[in-house]
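Read through the structure below, which is laid out as structure tokens, and then see the notes.
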Amino acid sequence: MLLRLLGRVAAAAAVVLGVVLLTFLLLHLAPGDPAVHLAGPGASAAQLAAVRHTLGLDQPLPLQVLAWLGRAATGDWGTSLATGRPVATMLGEAWPWTAALVLLSLGLSYLFGIGLALLQAQGSARRDTILSVVSVALFAVPAYWLAVVLVWVFSWRLGWLPAFGGAGVDADFLPAGARAVDLLRHLALPLVTLTLIGVGGAARFVRGSLFDARREPFLVAARARGLSGRRLLLRHLLRNALGPVVTLLGLSLPALFSGTVFVEGVFAWPGVGRVLLLGVQARDYPVVMAAALVSAVLVVLGTLLADVLRAWLDPRVRHA
């Protein structure tokens, strides 16, 4: 296990490096010039050249990326070109908002997704077909489209929930209880958006695992011992079917973080995704590079965590 883990860590480091290099190359190949954004459209050629020299943009690309990697390795992610603030500070302020949204959505998605899959596994073929259509439809809906629909229904038509931001303009002057209610009202729509889509994916995957586990020899032996009903479903079928779900759970965390980019953009949720969107619009290289690095690290950590948990839960994987 230790040798396998070390090999996976080395491969993960290579993946992170590849993502960073590709992101850096695509940023510089994209149209637009951050120097123009900083100096203004009326700046002279000499002024633009001075800005590029100050930012180090006049150096060859290999030197630029090596300089950025060297600073990033020491924890220095640079300064935002658009705001002049340290990138680490900006992401540190936005991180709790995104983490709260993602972790709540992940928990609710798997809670309701597993419940939906259990209803399919122990129900009739008609129920299974109806719920399969519902779960596939939820999983296929684009997050930004669902977010806009929810804003139109619950904010514009009904006026029940706020559509934008993480808190009201008067939140700092509210007592603790009212401030918590205000936060929950602003959290509701982005959380529902991500959870509905996550429920569809979790239900489809768990359902497939449950139906595959039905044909395993251990289930036949359990039935032969007289087990049936809820005990057979929960103690044997669900327990063994959740092994592959651990892999999906490890990969869902980085996928949710990347999926929140558009959802946070629609709802103006003050998280990492919104910071990334604003950075892309402003051609803010340090912000985009730091966000790409964080996303890549999350992907490889999620994959490693899923592999370790799967091997720990399933001796067959560990021995293989």
Spin-label point model (7 Å from Cα, Cβ direction): what's the A137 to T89 distance in nm? 4.9 nm
Using the basic label-point model (7 angstrom from Cα toward the beta carbon), what is the A49 to R157 distance in nanometres? 6.0 nm
Would you mind checking which residues have amide H under 5 Å from T79's amide H? H placed 1.01 Å from N; only 5 or more apart, or other chain. V87
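Throughout, read-outs are computed from the coordinates displayed, never taken from laboratory work. Predicted model only: the values in this text are computed from it and were never measured. Glycine gets a Cβ as well: all are built from the backbone with ideal geometry, and neighbour counts include every protein chain shown.
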